[in-house]
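Here the structure comes first, spelled out in structure tokens, and everything after it is commentary.
The values are calculated or read from the model by the stated rules, or taken from the named source; none is laboratory data. Please read all numbers here as calculations on a predicted model, not as lab measurements. Every residue, glycine as well, gets a Cβ built from its backbone with ideal geometry; the counts of neighbours run over all protein chains shown. Just so you know, the surface numbers come from the protein's heavy atoms only, side chains and all, with ligands and any DNA or RNA stripped out. Shrake-Rupley method; radii C 1.70, N 1.55, O 1.52, S 1.80 Å.
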Amino acid sequence: MNKTKPHLEERSIPKNISSKHGASLKSASSDPVNSIAFNRGYPVPEDLLQNLRYEYLRRELWVPLELREGKIIVIVDNPNNIIKRDMIENILKTKSVKYALATNQDILKFIEYFYDVGEPEDEYISSSGVKSETKKEGLNGFSEADVSIVKLVNDAINEAYDKRASDIHIEPDTKDKLVNIRLRIDGECIHYKTFPYEYRAAIVSRIKIMANLDITEKRLPQDGKLKYKVPGADEIELRVATLPTHGYIEDVVLRLLTRGKIMTLDELRMPENSRKLFQAQLTKPYGLILLVGPTGSGKTTTAHAALQIINKPNVKIWTAEDPVEITQQGIRQLQIHHKIGLDFAAAMRSFLRADPDVIMVGEMRDYETAKMGIEASTTGHLVMSTLHTNNAPETIVRLLDMGIDPFAFADSLLCVLAQRLVRCLCSKCKEAYHPSPQEYAELAHHYGEKAFSALNIAYNDDFKLYRAKGCDECNNMGYRGRMGIFELLIASDNIKQMITSRKSIAALRKTAMTEGMETLLQCGVIKVIAGETDLMEVLSVCLR
């Protein structure tokens, strides 16, 4: 921040301050102590503030002001406090410190000003002698209440909703001095608009106010939610996350939650054979069903699609989720709160006392949760949970490596469903073409030569694939919407025996494929041949 450096504003020290601290201020230092009033003309001493926390300085009431003639000028509420001076010099790692007195109010104003927590209010005396206050605004006169800022934020949310975006990323750039906004559509971040750098604080403050977050807290991440009425549509809910970044600025990410929207397994485009086998497991009275894949692979959507099938008036269902993004009537859903000790393990313990038929746990991220889930599944409950693993066979080995009893695990496991989301080719503009023999051979290679030959898909003049082109409907991306590709491992007697024997991932995969499991890559190749996506998109999510 290039601000003109002012002359040190000094004033005489009030007598009541000297008597209040019980000692003469002159004895505190060999240099005369001056009193400094707040002034916005001081440049921000970024080098001096680099390792100092905003909350700490507010609590301790001191802040470095500038470096002058080899000494750090520090304003404090009591320059005569020897203990405080020793602490400051220890933190700053130097004895070359000169202390100046400032009132508590002025110290807090300097701290808020230096850390860019809004422009502090400043009192002044008018020509008529009446004390007044200046209006508190954001940087360069922009505030979160300005019509232009309100419209900017609303337009971004409306545009994200219209374009089916899942997230809005607001990213102030300290290097280019711009505020970039990107939308995540079908898993890809796409540039939306760029705004002047001066808007950054006002945009963030506006969103914080909408989400009931602390607008004065800029040094720590914050999480919240807000409800927003899209013109001509229903009210939507957005999850808000603010994150402090380099240069004392904040990024904001808003996730548009598909609240109340429950997809079916057919809408997820699960292969017919896998769908029938998976639905058969959902009819079992007890056992463990695992849904696995990386973050953002649609596990929660699939879980609620499965719960919708078994959500009947005579079935009691409890879920523990972090966060609750999709709601269903008839299902009791619990929001996890780690800060108060309500984690997945604690939720499981409570569920078992609440007489459930079905339990859905958001994630088995630790041994205790996994152990309780397996125990519940062997005592008359159908348990569904998610894990962050790459494929179905790896999930089994991961849980065994966590220390789970292989015999109890083998006894409880019903199936493991691994999944990914791939972008669909835009149905309006996708382009058919006759692939080269090399492309055909690549399809066979990724599917498996022997298994591919069994599909009886001949390479001839009628063999066609589809590729992305781009049109107005898909924002010239060539893709519109996403679908799932799946890998379903059924816990057969052979698989259960291999679990108790702690067989390797490769051995589990070989046996499962022999028994009919279609891998993620094979499922993707089938969708490529069907013209629903392309091979590059499938490989991008399966071979990461």
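Rounded to the nearest angstrom and ordered from largest down, what semi-axes does the equivalent ellipsoid of the stretch 417-544 get from its C-alpha gyration tensor (root of 5λ)? Mind dumping the intermediate values first?
Values: eigenvalues 201, 65, 20 Å².
Its equivalent ellipsoid spans semi-axes of 32, 18, 10 Å.
Over the chain, with the other protein chains present, what is the accessible area per residue in square angstrom, probe 1.4 angstrom?
On the way: 27030 Å² over 544 residues.
That works out to 50 Å² per residue.
Could you point to the residue in 454, 409, 435 farthest towards the positive end of the stretch 350-472's charge dipole, with +1 and -1 charges on the Cβ of Lys/Arg and Asp/Glu respectively?
Going by the Cα projections, it comes out as 435.
What residues from the stretch 164-180 fall in the zone where the backbone N is under 13 Å from a label point 7 Å along the Cα-to-C-beta line of residue 246?
173-176
Calculate the length of the line joining the C-alpha centroid of the stretch 331-383 to that of the stretch 229-269, in whole Å.
Distance between centres, Cα-based: 26 Å.
Round to the nearest 0.05 the FRET efficiency obtained for residue 405 and residue 86 when R0 = 51 Å and r is the Cβ-Cβ distance. Provide the component values of the computation, followed by the final result.
On the way: r = 57 Å, r/R0 = 1.12.
Rounded to the nearest 0.05, the efficiency is 0.35.
Between residue 530 and residue 163, what is the spin-label point distance in nm, taking each point 7 Å from the Cα along the Cα→C-beta axis?
Here the modelled spin labels are 2.9 nm apart.
Extending each Cα 7 Å along its Cβ direction at residue 367 and residue 335, get the distance between those two points in nm, one decimal.
3.2 nm
Per the chain: cysteines with no other Cys C-beta under 4.7 angstrom?
189, 415, 424, 523, 542
Would you mind checking 208/339; 109/208; 93/339; 225/469; 227/284; 93/225 for any pair whose Cα atoms are more than 31 angstrom apart?
Values: 208/339 21 Å; 109/208 21 Å; 93/339 35 Å; 225/469 37 Å; 227/284 38 Å; 93/225 42 Å.
Among 208/339; 109/208; 93/339; 225/469; 227/284; 93/225, the Cα-Cα distance tops 31 Å for 93/339; 225/469; 227/284; 93/225.
DSSP loop chymotrypsin sites (Phe, Trp or Tyr not before Pro) in the stretch 446-498 with at most 15 other Cβ atoms within 10 Å of their Cβ, which ones? Could the numbers behind the result be given before it?
On the way: sites: 447, 452, 459, 463, 466, 479, 486; in loops: 459, 463.
Qualifying residues, ordered by number: 459, 463.
Rounding to the nearest 10 and keeping the result within 0 to 90°, find how far the Cα-based axis of helix 200-210 lies from the longest principal axis of the chain.
70 degrees
In whole Å, how far is the Cα centre of the stretch 394-451 from that of the stretch 30-100?
Taking the Cα centre of the stretch 30-100 as reference, the centre of the stretch 394-451 is 60 Å away.
Over the Cα atoms, compute the radius of gyration (one decimal) and Dmax (the largest Cα-Cα distance, rounded to a whole number) for the stretch 278-354, in Å.
13.1, 38
Between residue 151 and residue 463, what is the spin-label point distance in nm, taking each point 7 Å from the Cα along the Cα→C-beta axis?
Calculated label separation equals 5.7 nm.
Express the Stokes-Einstein translational diffusion coefficient of the stretch 153-237 in µm² s⁻¹, to the nearest whole number, given a Kirkwood radius over alpha-carbon pairs, 4 °C and a viscosity of 1.567 mPa s.
On the way: Rh = 13.9 Å.
For these conditions, the coefficient is 93 µm²/s.
Which value in Å does the Kirkwood hydrodynamic radius of the stretch 252-406 take, with 1/r averaged over all unlike C-alpha pairs and then inverted? Kindly include the intermediate steps, with their values, before the conclusion.
Working: mean 1/r = 0.0624 Å⁻¹.
Taking every pair of different Cα atoms in the stretch 252-406, averaging 1/r and inverting gives 16.0 Å.
Translational diffusion coefficient of the chain at 10 °C, 1.306 mPa s, Stokes-Einstein with Kirkwood Rh over Cα pairs, in µm²/s as a whole number. Don't skip to the end; give the middle numbers.
On the way: Rh = 28.0 Å.
Diffusion coefficient, whole number: 57 µm²/s.
Counting other Cβ atoms within 10 Å, keep those with at most 16, restrict to DSSP loop, and tell me which trypsin sites (Lys or Arg not before Pro) in the stretch 353-451 are left.
Working: sites: 353, 365, 371, 398, 420, 423, 428, 430, 450; in loops: 353, 365, 428, 430.
For trypsin sites (Lys or Arg not before Pro) across the stretch 353-451 that sit outside H, G, I, E and B with at most 16 neighbouring Cβ atoms in 10 Å, the list reads 353, 428.
Under 5 Å between amide hydrogens, which residues at least 5 positions from residue 65 or on another chain qualify, with H placed 1.01 Å from N in the peptide plane?
Correct list: 73, 74, 75.
Can you give me the % of accessible surface on the chain that is carbon or sulfur? Probe 1.4 Å, all protein chains present, nothing else counted.
The C+S portion of the solvent-accessible surface of the chain is 49 percent.
Under Stokes-Einstein, with the Kirkwood radius over Cα pairs standing in for Rh, what whole-number D in µm²/s applies to the stretch 252-317 at 4 °C and 1.567 mPa s?
On the way: Rh = 13.5 Å.
Approximately 96 µm²/s, per Stokes-Einstein.
So what does residue 445 come to for accessible area, using a 1.4 Å probe and Å² rounded to 10?
120 Å²
Could you sort the peptides 493-506, 286-299 by per-residue average Cβ neighbour count (10 Å cutoff), highest mean leading? Working shown, then result.
Working: 493-506: 14.9, 286-299: 20.6.
Packing proxy ranking, top to bottom: 286-299, 493-506.
Please determine, in degrees from 0 to 90 and to the nearest 10, the orientation of helix 82-92 with respect to the longest principal axis defined by the Cα atoms of the chain, where the helix direction is its Cα long axis.
Approximately 50 degrees, to the nearest ten.
Among 185, 529, what's the order by accessible area (1.4 angstrom probe), most exposed first?
Values: 185 15, 529 40 Å².
Ranking 185, 529 by accessible area, largest first, yields 529, 185.
What value, in deg cm²/dmol to 500, does the helix sum -39500 (n - 2.57) over DSSP H runs of n ≥ 4 give at 222 nm once divided by the residues of the chain? All intermediate terms of the calculation are to be shown ahead of the outcome.
Details: 19 runs with 177 residues, N = 544.
Mean residue ellipticity, 222 nm, calculated: -9500 deg cm²/dmol.
When only C-alpha pairs under 8 Å and at least 6 residues apart count, what is the relative contact order of the chain, in percent? Present the calculation step by step, with values, prior to reporting the outcome.
Values: 941 pairs, mean separation 48.2, N = 544.
This gives 9 percent for the chain.
What percentages, rounded to whole numbers, describe P(r) for the stretch 382-453 computed over all alpha carbon pairs with 10 Å bin width beginning at zero?
Here the calculated profile for the stretch 382-453 is 14, 28, 24, 22, 11, 1.
How about the stretch 33-79: which trypsin sites (Lys or Arg not before Pro) there lie in a loop by DSSP and see at most 14 other Cβ atoms within 10 Å?
Numbers: sites: 40, 53, 58, 59, 68, 71; in loops: 40, 53.
When the trypsin sites (Lys or Arg not before Pro) of the stretch 33-79 are filtered for loop state and at most 14 Cβ neighbours within 10 Å, 40, 53 remain.
Suppose R0 equals 30 Å; then what is the FRET efficiency for residue 228 and residue 55 from their Cβ-Cβ distance, rounded to the nearest 0.05?
Details: r = 31 Å, r/R0 = 1.02.
It comes out at approximately 0.45.
Rounded to the nearest 0.05, what FRET efficiency do residue 379 and residue 235 have when you use their Cβ-Cβ distance and R0 = 51 Å? Show your work: numbers first, answer last.
Working: r = 41 Å, r/R0 = 0.81.
So, using R0 = 51 Å, E works out to roughly 0.80.
Can you tell me the orientation of helix 147-162 relative to the chain, as the angle in degrees between its alpha-carbon axis and the longest Cα principal axis, to the nearest 10?
The answer is roughly 10 degrees.
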